[in-house]
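What follows is one structure encoded as structure tokens, with my remarks underneath.
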Amino acid sequence: MRTVSDFEPFVLAYVPYLPQEIIQHAIRESIVEFMRETKIARDILEVETQEKVPDYIMEMPDCRRIVKIHTVDSSPANCNGRENWQRLRSGECGDYEIELRRGDYPIIVLQDPPKKPHRLRIDYSWTIGRDDCDVPDFIYEDFMQGIVAGTLLRLASLPDQQGLLSQLQIHQSTWFNAIQSAKIERTGGKAKRIIGAPILSRGRGSIWR
């Protein structure tokens with residue numbers, strides 16, 4: 001795992017005069033947005049259900065925040081083998097819903113909880129938290145240029161940053177292309193290619209989509 005400080009020298013090359021705290025904050029925010037927008041970091045969470053209990057807290061490892069639930073599969077607890085897993089449907093009229101409460105772990109709610117113990121296999125994407133969290137190695141190794149560009153875009157919004165503003169279009173294009181490339185990589189080439197680099201979006205991903 002890496003830290004935010006590992007990204008800092010590559011940003012300092014452009015803005016050596018800015019305070020370290022401001023640079024580190026901008027780096028962290030860029031990493032969070034990159035991971036939210038691309039959903040590039042994915043993992044599996046397994047939950048064991050109890051008889052007729054509908055609600056289960058989805059406890060994450062330290063410093064992880066869920067971006068999106070991709071799929072939920074269910075299997076009887078005493079059965080092994082791929083053929084025993086069944087894909088559940090999400091939504092009010094489906095098999096489960098996800099409740100997200102501010103400051104708490106998400107909760108998966110089973111609409112018709114099974115009468116016997118089951119195992120849930122939850123495929124989710126995640127991002128780091130906004131505190132002193134470690135950063136996955138592949139973000140540093142594969143997407144460094146994009147993170148630096150996203151950081152410089154944030155820093156360019158500060159007062160008296162004429163040097164960064166003069167390169168705004170370049171940084172914006174690099175940031176946009178990094179996000180698009182990561183989406184295409186994640187989807188195996190199925191993500192849409194968009195021509196041009198839009199103005200930096202401050203939108204956030206959602207576990208509902």
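The values are calculated or read from the model by the stated rules, or taken from the named source; none is laboratory data. Owing to the predicted nature of the structure, the values given are computational and were not obtained by experimental measurement. All Cβ positions, even for glycine, are placed from backbone atoms using ideal geometry, and neighbour counts span all protein chains on display. All accessible areas refer to the heavy atoms of the entire protein, side chains included, with ligands and DNA or RNA removed. Shrake-Rupley method; radii C 1.70, N 1.55, O 1.52, S 1.80 Å.
Structure summary
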read-out: Number of the exception - Asn78 against (1) surrounded by fewer than 19 Cβ atoms within 10 Å (Cβ to Cβ); (2) of a type outside the set (Phe, Trp, Tyr); (3) farther than 30 Å from Phe176 by Cα; (4) in contact with a Pro (Cβ under 7 Å, 6 or more places away or on another chain); value: (4)
read-out: Candidate set: segment 164-194, residues that are exposed (fewer than 12 other Cβ atoms within 10 Å of the Cβ) and more than 21 Å from Arg36 (Cα to Cα); chosen: the one modelled with the highest pLDDT; value: Gln169
read-out: Residue list for segment 4-32, filter: crowded, with 18+ Cβ neighbours inside 10 Å and of a type in the set (A, V, I, L, M, F, W, C); value: Val4, Phe7, Val11, Val15, Ile23, Ala26, Ile27, Ile31, Val32
read-out: Residue within segment 85-96 that is charged (D, E, K, R), surrounded by 11 or more Cβ atoms within 10 Å (Cβ to Cβ) and either closer than 30 Å to Gln172 by Cβ or in contact (Cβ under 8 Å) with a residue 24 or more places away in the chain (or both) present; value: no
read-out: In segment 109-159, residue most open to solvent (accessible area, probe 1.4 Å) [restricted to those that are assigned to a loop (DSSP other than H, G, I, E, B) and hydrophobic (A, V, I, L, M, F, W, C)]; value: Leu158
read-out: Test result for Ile44, buried (at least 21 other Cβ atoms within 10 Å of the Cβ), under 27 Å from Arg119 (Cα atoms) and in contact with a Lys or Arg (Cβ under 9 Å, 6 or more places away or on another chain); value: no
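So that you can scan it fast, the table gives a plain yes or no per residue for (1) at pLDDT 90 or above; (2) within 18 Å of the chain's Cα centre (by Cα); (3) small (Gly, Ala, Ser):
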site	(1), (2), (3)
His70	yes, yes, no
Arg82	no, no, no
Arg101	no, yes, no
Lys115	no, no, no
Gly129	no, yes, yes
Val135	yes, yes, no
Ile139	yes, yes, no
Phe143	yes, yes, no
Ser157	no, no, yes
